[in-house]
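The values are calculated or read from the model by the stated rules, or taken from the named source; none is laboratory data. Bear in mind that the values here come from a model prediction, so they are computed numbers and not experimental data. With ideal geometry, Cβ positions are generated from the backbone for all residues, glycine too; neighbour counts draw on all protein chains shown.
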C-alpha cells in the first residue's frame, strides 16, 4: 500500500496529496456533517464584540495555500477532531488555541490535532486545560476524553505518523459500528468511497436516484446491500 501511495504522488506532480488543496469549505463540511458557517469560522476566524472595539479570533485551521480557499485532507482531520469537541458543547476558539499551546509548547509537538500523540499524554494535557478553560467538570472531562477517543479511532496514520485515511461517521453518531466509508486522498482524489470496493458513495447515490434498486446496485459493484444503504445514508445526511 505504501508503494502504491508513493506511486500515486506522480498524479500530483510528486507532491503529497494529503497537504494539497482538495476540498471547498462546503464539501468538507458536508463530508464531516458540520455546519458550513462553523467550519468557515475555524478556517478564516471570526470577529467578536468587546468594550474597546471589535476583536478577532484567528483561525484554528491553516489552509495549505493562503490564496486558495480550499482545504487539505490534513485540514479535514483537524476539523474532524474539532467536531468531537463541538458535539457536547460549543467550541470556544480561544480556549482550544490556549489549550493547544499549553499542550504543544512543553512537548514540542506541532499541529497536535493531526498527531497520534493526541491519544497520549499530550492529549491528556490538552483536554485537561481545555476543560478548565470552559469550566467543565471532572466527569465532563472524562466524557469528553472518551468521545475524542472514538473520533480518533476513525483516523488511520501511516508509519510516518501522518494521517492517511479518515473513516467518517455515516450519521454523525460516535457510537456507530465498524467503518464502511473512507476518505483517502490517494483514492478517488479524496472523495468518500466504500472501503471494500473503492466505489464512490456519490456514484451509488446517483444511481439509486436514477431509479435503480439497492439490490441491483449492490450486485453490480459486488457490494453488500448494507454497504449501499450506508452510502445513501451518508450522502443524504451530509
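Of the set (1) farther than 14 Å from residue 43 by Cβ; (2) in contact (Cβ under 8 Å) with a residue 12 or more places away in the chain, all apply to residue 83 but (1).
Set side by side, the residues 170, 164 differ, and just one is assigned to a loop (DSSP other than H, G, I, E, B), touching a helix residue (DSSP H, G or I) at 6+ places or on another chain (Cβ under 8 Å) and buried (at least 16 other Cβ atoms within 10 Å of the Cβ), which is 170. Annotation note: of 70, 111, the sole residue that is within 25 Å of residue 22 (Cα to Cα) and modelled with pLDDT of 95 or more is 70. Among the residues of the stretch 3-46, those identified as at pLDDT below 85 and touching a strand residue (DSSP E or B) at 6+ places or on another chain (Cβ under 9 Å) are 5, 46. If you filter the stretch 216-238 down to residues that are touching a helix residue (DSSP H, G or I) at 6+ places or on another chain (Cβ under 6 Å) and over 12 Å from residue 171 (Cβ atoms), you find that the one that is surrounded by the fewest Cβ atoms within 10 Å (Cβ to Cβ) is 225.
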